[in-house]
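Some notes on the structure that comes next.
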Amino acid sequence: MQVVRNIQLKLDVPEDAHSVLDETFEQFRQAAQHVADTGWSDDPTQITDTKNTLHEQTYTAVRKQTSLQASLVQSARNLAAAALGNCKDRILEDGKKASKPEFRGSVVVYNGRTITYHDDHVTLATVGDRVTAELVMPEDDAGTPFGEYWTDDWERKEATLHKRDSTYYLHVAVEKQVAPANSGDEQTENGVVLGVDLNVDGYL
């Protein structure tokens, strides 16, 4: 059985890299919003949330309008597609109201092509050169999420970069395979746990 955990890591980002990261936040937001605008319809049956269709409709325009590399454009599209899908399900399946997703704040979604993990630092793709950010690690990580999950036992997967109060944080999904649990309680304990604020309004 696959177990997923989400851990938050504080980053020490060089001062001269703040501007390019902040611009990456803004262009990623613009890209996601462009996709959401394209896929949205006031008729919920016409909301487009299929990644392939949204890719065909938006990829070229987003690449021309931003300096995001291809993988970041795809991540922005995936984020918007998920938001549109949630809106569609909320309206059609749950019978509730939902408005077009509006992306705000500072968030970038990274995958294996746009982030490189090391034990004490990460490198991040941006709209300019890659940025190296040191991990702010506890002096004693025993009993902390860092000590438990930032190990070779867990595979580091997708991450989201956030900025709060001028400080950068990385939310990293880590996963590993474990033996299946026997009871419902254990399944809950060992099941997928993800809690990431993607700064999207209108569909939650």
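The table that follows gives values for the structure above.
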item	result
Most positive-pole-ward Cα, 52, 109, 68, against dipole of the chain from beta carbon charges	52
Exposure of residue 166 as accessible area (Å², to 10), given a probe of 1.4 Å and all protein chains	90 Å²
Label-point separation in nm, residue 89 to residue 144, each point 7 Å along Cα→Cβ	3.5 nm
Size of charge dipole - the chain - debye, nearest 20, with Cβ of Lys, Arg +1 and Asp, Glu -1, no other charges	1000 debye
For region 114-128, Karplus couplings with θ = phi - 60° (6.51, -1.76, 1.60), whole Hz, Gly/Pro x	10, 9, 10, 9, 10, 4, 10, 7, 10, 10, 10, 6, 9, 6, x
Gain upon complete extension [residue 164, residue 15; 0.36 nm per residue less C-alpha separation]	52.1 nm
Spin-label pair residue 45/residue 113, simplified geometry with 7 Å Cα→Cβ offset, distance in nm	3.6 nm
Stretchable slack from residue 132 to residue 69, in nm (0.36 nm times residue separation minus alpha-carbon distance)	21.0 nm
Accessible surface of region 1-152, 1.4 Å probe, proportion on carbon and sulfur as whole %	41 percent
Cα centroid separation, region 78-102 to region 1-49 (Å)	16 Å
Expected 222 nm ellipticity per residue - DSSP helices of 4 or more, -39500 (n - 2.57), all of the chain, to 500	-11500 deg cm²/dmol
Highest average packing first - 84-96, 138-150, Cβ atoms within 10 Å	84-96, 138-150
The chain - accessible surface per residue (Å², probe 1.4 Å)	53 Å²
Accessible surface of residue 7 - all protein chains present, 1.4 Å probe, nearest 10 Å²	10 Å²
Largest-first ellipsoid semi-axes for region 20-153, taking √(5λ) over the Cα gyration tensor eigenvalues, angstrom	32, 20, 12
Gain upon complete extension [residue 2, residue 60; 0.36 nm per residue less C-alpha separation]	17.3 nm
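The values are calculated or read from the model by the stated rules, or taken from the named source; none is laboratory data. Nothing here was measured: the structure is a model prediction, and the numbers come from that model. Backbone-built Cβ (ideal geometry, glycine too); neighbour counts: all protein chains shown. Quick note on the areas: whole protein, heavy atoms, side chains included, nothing else; ligands and nucleic acids left out. Shrake-Rupley method; radii C 1.70, N 1.55, O 1.52, S 1.80 Å.
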